[in-house]
Amino acid sequence: MQAERWRRPCLEVVQRSLQRLEQRHFSTCSIRYASSRAIRTEDFPCDVIRNFSVIAHIDHGKSTLSDRLLELTGTITKREKGVNAQVLDKLKVERERGITVKAQTASMIYSFQGTQYLLNLIDTPGHVDFAWEVSRSLAACQGALLLVDATQGVQAQSISVYHIARERGLTIIPVLNKIDLPASQPEVMAAQMHSTFGIDPKDIIHISAKTGKGVDQVLEAILTRIPPPTASSEAPLKAFLFDSSYDRYRGVVSLVSIQDGILRKGDKIASCFTRKKYEIIDIGIMHPEEEPTESLQPGQVGYIACNMKESSEAHIGDTLHRAGAPVDPMPGFKPAKAMVYAGIFPVDSNDFIKLEESIKRLALTDRSVEVTRESSTALGQGCRLGFLGTLHMDVFRQRLEDEYNANVIVTAPTVPYKVVYQDRTVVVSNPTDFPDSIDSGSKVREIQEPVVSASIIVPQEYLGDMMDLCFSHRGENLDHRFLDTSGSASRVMLTCTLPLSEVVTDFFDKLKSRSSGFASFDYEDAGYKPSNLSKMTFLLNGKPVDALALIVHKSAEQEIGRAWVKKLHKVIPRQIFEVPIQAAVGRRIVARETLSAYRADVTAGLYGGHYERKLKHLNNQKESKKRMKRVGNVDLPQEAFYSILKT
Ligand SMILES: Nc1nc2c(ncn2[C@@H]2O[C@H](COP(=O)(O)OP(=O)(O)OP(=O)(O)O)[C@@H](O)[C@H]2O)c(=O)[nH]1
């Protein structure tokens with residue numbers, strides 16, 4: 001009796017701890033799902049397959065709807081989902097920031113009117129930096145759910161993803177989400193979707209992905225409106241490779257969409273792009289984690305591992321065929337084009353080899369990153385990386401820190417400029433390589449900078465502010481049109497051409513603050529145009545610091561020079577001698593501050609003959625000096641680089 005009285009509370013404590021452990025496990029790592037019956041892909045011919053993506057502007061609810069669909073089809077249960085909202089956002093950075101950065105695939109099995117269907121869903125990111133992920137994902141689909149937030153209406157990325165889906169000829173199912181919110185205006189937003197996309201309001205499904213209301217209608221629409229893939233089991237094998245990741249044990253794991261033929265474990269295949277041959281060692285579907293199957297049938301989407309050692313062998317957009325039976329490759333898609341470059345250096349120069357290894361590994365899971373080596377006199381050996389935008393850059397940095405424990409310094413982002421010489425044109429993505437002077441004596445004929453066509457959607461009352469903002473960032477060809485003509489709540493779409501270098505600095509923050517958060521922004525590459533640019537260098541005690549060099553427009557020389565010199569003055573500790581801090585364009589000094597002399601007497605305040613204590617303080621000082629970068633004869637602390645380059 002006594003023992004029983006003790007045992008019960010003990011059991012409860014153990015159960016509670018187990019629950020807590022389970023929750024913690026769910027919230028930090030990928031989820032393991034209770035294994036269901038082995039899936040026979042042969043049971044799903046083309047007519048019961050539906051391949052679709054969820055596309056929308058950022059935060060309109062794609063991942064929440066994907067979760068709801070996984071739940072409704074029984075692919076995951078509420079318990080398995082647990083505290084882990086947004087099952088398909090698997091990366092730590094996605095969970096912390098609440099954004100999707102990598103498209104994820106999940107297959108679901110669903111019974112409808114006595115027939116079992118195989119649904120392949122691809123959840124896509126919404127931010128403009130990851131638009132390449134969206135177009136890649138849509139290549140494996142026949143339909144797309146176009147989600148619009150019923151409180152915000154059509155936003156800039158809603159329009160761009162709509163056009164990507166239309167260009168690919170996909171069936172679009174329009175969905176208005178968040179109708180549970182008091183501020184939602186489904187009727188007004190439906191009218192807006194009609195005026196912007198020509199969508200019949202009767203075709204729009206009204207849902208709340210959060211509460212689940214209306215989500216069953218979305219499932220029904222997927223089955224009844226999206227056409228099945230047209231693929232044949234008789235035709236020669238054609239598998240379209242649209243994504244890949246790296247697994248330490250199996251090498252490259254690729255996601256493929258089977259356009260024709262059947263792919264089985266043990267099959268010998270070859271790549272149209274590299275001509276290399278492989279053997280399938282693992283095959284299956286994402287359910288939503290990897291679920292091995294015997295084969296992938298025509299029209300299905302799944303993963304394969306085939307002894308590919310190098311990630312570069314998995315060419316995104318490649319066509320795989322049976323070895324010895326070549327086929328015509330399917331049209332691939334435009335490779336990702338880096339818009340922003342930055343140098344990444346280890347905080348401790350001795351860590352370079354480890355950092356380079358980590359960068360290469362991470363780049364294997366993110367194929368849009370370009371990697372080359374670079375070296376700087378101030379920062380030592382490092383890598384120069386090309387990204388699709390500054391958010392992409394920041395996410396990559398965070399993943400390096402989270403997943404590889406790296407401690408890095410990232411230099412200011414720069415866009416790729418074209419330097420036109422008399423006999424050739426060179427693309428320069430590192431300010432160090434930019435010509436020092438562009439005067440009549442130099443061989444440089446012209447400098448060109450990348451420009452983008454930007455679109456901003458904003459309530460009418462902010463139009464003036466937005467136009468000002470665009471002008472102050474060297475915007476040209478400004479134009480606008482009203483999106484909805486319905487009285488007071490009119491919204492305007494402003495379009496213009498902007499230099500990319502203006503977009504990658506603080507443009508987005510200013511846009512949000514000057515429109516009280518209402519403006520949405522999207523842009524796409526619009527080529528190059530001649531521009532009046534020069535290289536600005538920063539000198540400490542007369543010595544240039546290469547890692548701080550910038551490319552600036554003539555009109556902003558003074559302003560940028562002064563701001564950076566002030567910033568440097570604030571973060572560089574005083575030295576034992578006076579240090580002039582200067583910004584220079586060519587030989588011309590455009591801004592200057594002077595750091596007055598100072599000697600840190602770390603032994604001040606120690607009286608008497610405490611020799612050992614004095615020595616300890618002096619040694620500490622020596623150690624902290626070691627952590628500084630020596631530029632000429634000036635010690636620059638790592639924090640100086642951090643705080644300067646962070647902005
Ligand atoms: N009230 C309400 N909130 C919702 C609904 N759907 C999504 N949300 C919330 O909206 C926010 C964004 O949802 P996500 O599903 O992460 O949006 P997303 O489109 O996947 O975001 P990105 O992948 O970053 O573009 C989250 O806080 C969700 O909880 C809904 O129907 N009602």
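The values are calculated or read from the model by the stated rules, or taken from the named source; none is laboratory data. From a predicted model like this one, the values you see are computed outputs, not experimental measurements. Using ideal geometry, Cβ is built from the backbone for each residue, glycine included, and neighbour counts are taken over all protein chains shown.
Report, by residue number, each residue of segment 571-592 that is of a type in the set (A, V, I, L, M) and assigned to a strand (DSSP E or B). First the steps, then the outcome.
Taking segment 571-592 as the starting set, the residues that turn out to be of a type in the set (A, V, I, L, M) are 571-572, 576, 579, 581, 583-585, 589-591.
Scanning segment 571-592 gives Val579, Ile581, Ala583, Ala584, Val585, Ile589, Val590, Ala591.
The conditions are (1) closer than 17 Å to Ser254 by Cβ; (2) modelled with pLDDT of 90 or more, and Ala342 fails exactly one of them. Which is it?
(1)
Show the residue pairs that are 6+ apart or on different chains and have beta-carbon atoms under 9 Å apart, the first residue being within segment 295-311 and surrounded by fewer than 21 Cβ atoms within 10 Å (Cβ to Cβ), the second being part of a strand (DSSP E or B) and of a type in the set (Phe, Trp, Tyr).
Close Cβ pairs (under 9 Å, with a partner that is part of a strand (DSSP E or B) and of a type in the set (Phe, Trp, Tyr)) amount to Asn307/Tyr278; Ser311/Tyr246.
Please determine whether any residue of segment 321-339 is outside the structural domain of Leu539 (by TED's automatic domain parsing), β-branched (Val, Ile, Thr) and closer than 25 Å to Ala412 by Cβ.
Scanning segment 321-339 turns up no residue that is outside the structural domain of Leu539 (by TED's automatic domain parsing), β-branched (Val, Ile, Thr) and closer than 25 Å to Ala412 by Cβ.
Only one of these conditions is not met by Met189: (1) out of contact with any His (no Cβ under 8 Å at 6 or more places or on another chain); (2) over 26 Å from Asn51 (Cα atoms); (3) within 16 Å of the ligand (Cβ to nearest atom); (4) without any contact (Cβ under 8 Å) to a residue 40 or more places away in the chain. Which number is it?
With respect to (1) out of contact with any His (no Cβ under 8 Å at 6 or more places or on another chain); (2) over 26 Å from Asn51 (Cα atoms); (3) within 16 Å of the ligand (Cβ to nearest atom); (4) without any contact (Cβ under 8 Å) to a residue 40 or more places away in the chain, Met189 is out only on (4).
Pick out the one residue from Ser63, Ser53, Ser107 that is at pLDDT 75 or above, outside any loop (DSSP other than H, G, I, E, B) and either away from the ligand (no atom under 16 Å from the Cβ) or of a type in the set (Phe, Trp, Tyr) (or both).
Working: Ser63 fails: either away from the ligand (no atom under 16 Å from the Cβ) or of a type in the set (Phe, Trp, Tyr) (or both); Ser53 fails: either away from the ligand (no atom under 16 Å from the Cβ) or of a type in the set (Phe, Trp, Tyr) (or both).
Step by step, each of Ser63, Ser53, Ser107 is checked, and only Ser107 is at pLDDT 75 or above, outside any loop (DSSP other than H, G, I, E, B) and either away from the ligand (no atom under 16 Å from the Cβ) or of a type in the set (Phe, Trp, Tyr) (or both).
For segment 336-369, give me the residue count where each residue is loosely packed, with under 15 Cβ neighbours inside 10 Å and either out of contact with any Gly (no Cβ under 8 Å at 6 or more places or on another chain) or assigned to a strand (DSSP E or B) (or both). Walk me through how you get there before you give the answer.
Step one: of segment 336-369, the residues loosely packed, with under 15 Cβ neighbours inside 10 Å are 337, 348-350, 353-354, 357, 360.
This time we only want the ones that are either out of contact with any Gly (no Cβ under 8 Å at 6 or more places or on another chain) or assigned to a strand (DSSP E or B) (or both), so: 337, 348, 350, 353-354, 357, 360.
Number satisfying all stated conditions: 7.
Within segment 389-397, can one find any residue that is more than 13 Å from the chain's Cα centre (by Cα) and either among the basic types (Lys, Arg) or at pLDDT below 90 (or both)?
No.
Before we move on, is Ala231 surrounded by 18 or more Cβ atoms within 10 Å (Cβ to Cβ) and either outside the structural domain of Leu147 (by TED's automatic domain parsing) or not hydrophobic (A, V, I, L, M, F, W, C) (or both)? It would help to see each step written out before you state the result.
Numbers: surrounded by 18 or more Cβ atoms within 10 Å (Cβ to Cβ): yes; either outside the structural domain of Leu147 (by TED's automatic domain parsing) or not hydrophobic (A, V, I, L, M, F, W, C) (or both): yes.
In short, yes.
So, of the residues in segment 143-173 that are under 21 Å from Ser208 (Cβ atoms) and away from the ligand (no atom under 15 Å from the Cβ), which turns out to be surrounded by the fewest Cβ atoms within 10 Å (Cβ to Cβ)?
Ile172
For segment 110-136, which residues satisfy the criterion of being over 22 Å from Val256 (Cβ atoms), within 14 Å of the chain's Cα centre (by Cα) and assigned to a loop (DSSP other than H, G, I, E, B)?
Hits for segment 110-136 are Gly126, His127.
Among strands (runs of 3 or more DSSP E) lying entirely in segment 215-325, which contain 1 or more residues that are in contact with an Asp or Glu (Cβ under 6 Å, 6 or more places away or on another chain) and more than 30 Å from Ile205 (Cβ to Cβ)? Before you say what the answer is, go through the steps one by one.
Working: elements: 238-247, 251-260, 268-271, 277-279, 282-286, 290-292, 301-305, 319-322.
Once the strands (runs of 3 or more DSSP E) in segment 215-325 are filtered for at least 1 residues that are in contact with an Asp or Glu (Cβ under 6 Å, 6 or more places away or on another chain) and more than 30 Å from Ile205 (Cβ to Cβ), what remains is 238-247, 251-260, 268-271, 282-286, 301-305.
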